[in-house]
Structures are given as structure tokens and as C-alpha cells.
1. In degrees between 0 and 90, to the nearest 10, how far off the longest principal axis of the chain does helix 153-168 point, with axes built from Cα atoms?
2. In debye, nearest 20: dipole of the stretch 20-66 around its Cα centre with unit charges on the Cβ of K, R (+) and D, E (-)?
3. Can you run phi through the Karplus equation (6.51, -1.76, 1.60; θ = phi - 60°) for the stretch 171-180 and list ³J(HN,Hα) in whole Hz, with x for Gly and Pro?
4. Got a sec to turn the phi values of the stretch 11-20 into Karplus ³J(HN,Hα) couplings, 6.51 cos²θ - 1.76 cosθ + 1.60 with θ = phi - 60°, whole Hz, x for Gly and Pro?
5. Calculate how large, on average over all directions, the projected area of the Cα convex hull of the stretch 100-235 is; give the answer in nm² to one decimal.
6. So how tilted is helix 66-84 from the main axis of the chain? Cα-based, degrees 0 to 90, rounded to 10.
7. Could you derive backbone 3J(HN,Hα) for the stretch 190-198 from the dihedral phi with the Karplus parameters 6.51, -1.76 and 1.60 (θ = phi - 60°), listing whole Hz in sequence and x where the residue is Gly or Pro?
8. Let me know the charge dipole size of the chain about its Cα centre in debye, to the nearest 20, where only the beta-carbon of Lys, Arg (+1) and Asp, Glu (-1) is charged.
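Every number in this text was worked out from the coordinates using simple rules, so none of it is lab data. These numbers were taken from a predicted model, which means no experiment stands behind them. Methodologically, a virtual Cβ is constructed for each residue, glycine included, from the backbone with ideal geometry; neighbour enumeration extends over all protein chains shown.
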Amino acid sequence: MNIDISYYDDITSTNEVLKQMALDGAQSGKVLVAWHQSQGRGRLGRSFESPKGGIYLSMLLDNDSTMLLTAKAAVATRRAIEQNTDRKVGIKWVNDIILNGKKVAGILAQAVNDKVIVGIGINFCTDIDALDPAVRDIADTLYKKWQTPECDAIDIVNTLVREMYDLASEKGPSWLDEYRGASVVLGKKVNIFQAGVRTGSGIATAIDENCALHVLDEKKGEVILSTGEITLRLS
Ligand code: BTN
């Protein structure tokens with residue numbers, strides 16, 4: 001696979017620009033990295049605030065399940081952070097990377113024709129206090145503004161891109177064990193949300209081979225989630 005990375009100081013959205021490139025014939029291996037996005041996209045049609053200080057990248061991959069590629073991207077992001085920094089991060093099903101109980105990175109996978117775009121936003125040295133109040137309390141950053149990063153953002157980009165393309169071609173299940181081992185939800189009480197509405201709650205019991213989350217719901221018994229979101233319950 002020929003990896004071809006383009007860097008931008010400023011972009012609308014790396015996912016959106018890469019989507020147009022894919023429609024114009026770009027090949028798997030094309031990667032866009034930006035240091036600021038004016039129209040960052042999040043999951044479920046939300047926007048993704050993307051100030052300077054963060055790392056915003058999108059990778060074009062051969063067609064596969066967006067669910068599996070999202071989970072593989074979570075593993076690749078965790079590896080990239082842990083190989084380049086002393087930070088220990090977990091994965092909150094399905095697409096959030098968690099540091100100190102808060103979100104430090106998010107992933108958005110989108111199918112485009114016969115390809116998939118995987119976009120990842122990482123709070124590298126992001127000014128959390130300047131974020132929208134709705135996300136400020138649930139977000140963290142690898143480095144605070146007064147801290148000197150142990151690595152360049154580019155080191156994280158390079159590791160992440162390499163790990164993601166390696167994982168994308170991996171057929172065996174070992175990466176899934178890594179995903180499960182890094183999970184911050186397995187064995188925990190969770191609330192289930194579908195389209196923003198709470199639909200149940202229970203204990204997260206398993207992540208299966210399709211990366212669906214199994215929850216033992218207090219009212220409905222076993223629920224298998226392949227869409228939607230969960231939040232951790234404190235009691
Ligand atoms: C989420 O947590 O809701 C997913 C956030 C994904 C954000 C990344 S940043 C790079 C890429 N470009 C975008 O517009 N979105 C993704």
C-alpha cells in the first residue's frame with residue numbers, strides 16, 4: 001500500500017475533503033492531516049470542535065465494516081498514544097479514547113463508494129477551557145497548555161497511520177482481544193442511548209467478533225448494540 005500524507009494548517013474537515021478526493025478517484029492510502037478544522041464532523045451528525053492544538057486526520061481505506069474499522073482505529077490510536085507518550089488510555093465502546101475518565105480522542109468512519117474514510121481527532125495540547133461548555137467537562141487533552149509534550153504531534157500521526165493500515169489488513173482476532181483488554185466499559189454499569197434517547201441500562205458483558213456490545217439490561221435481558229451510544233453509570 002502506498003501511503004501518501006498531505007498536511008494542512010487549516011481545512012474545513014479532513015473527512016469531507018477526503019470524501020471529495022475519493023469521489024474524484026483517490027486511492028486507499030491517501031491520508032489528510034490538519035492542525036485546525038473549521039467544520040469538523042462528529043458522529044451522529046454532530047459537529048466536532050477542532051481548535052489549534054489538536055491533531056485531525058483522515059485515512060482512506062479499502063472497503064470493510066465501518067464498525068470494525070472504527071474499533072481498529074481505536075486500537076491504532078491507543079497504540080500511537082502509548083508508544084509516543086507516557087499516557088495510559090482506554091477505549092469506550094465504540095469510538096472514544098479515554099484519558100483520566102474523559103474523552104481525549106474520537107473516531108468517525110464513513111463509507112464512500114467502495115472505500116471507507118476513517119477520521120480521528122485527538123486533543124494533543126488543546127486548551128480544554130476554551131472548548132464549548134457542553135464538551136469541556138467531558139474532554140481531556142494529552143498535554144495541558146503549560147506542559148511540554150514528550151513527542152511531536154507528527155510522531156503520533158506517523159505511528160497511528162502505520163498501525164491503522166497494518167490493522168486494516170489483519171484478518172485474525174488478536175487485535176479484538178487488545179480492544180477488549182483496553183475497554184473501560186466491560187463489566188461496568190452503562191446507560192444505553194439510541195438517537196440521543198435513553199433506551200435502557202445494565203451491565204456491559206461482552207464485545208463480540210463484530211464489535212457489537214452486549215449489555216445485560218435490567219428490564220429487557222441481553223441487548224446487543226451495533227449502533228447507538230453508551231455512558232458509564234456511576235451507581
Ligand atoms: C466523534 O467523537 O463524534 C467523532 C469525532 C471525529 C473527528 C475527526 S477529526 C478528523 C476527521 N475530520 C472530521 O471532520 N471528523 C473527523
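1. 60 degrees
2. Values: 5 positive and 4 negative charges, 48 e Å.
Using only the charged Cβ atoms, the result is roughly 240 debye.
3. Each residue's phi maps through the Karplus curve to give 9, x, x, 5, 4, 5, 5, 5, 4, 5 Hz.
4. 8, 5, 7, 4, 5, 5, 5, 5, 4, 5
5. Working: hull surface 42.7 nm².
That works out to 10.7 nm², a quarter of the Cα hull's surface.
6. 70 degrees
7. Going residue by residue, I get 9, 9, 9, 10, 10, 6, x, 10, 6 Hz, with x marking Gly and Pro.
8. Details: 27 positive and 31 negative charges, 148 e Å.
The dipole magnitude comes to about 700 debye.
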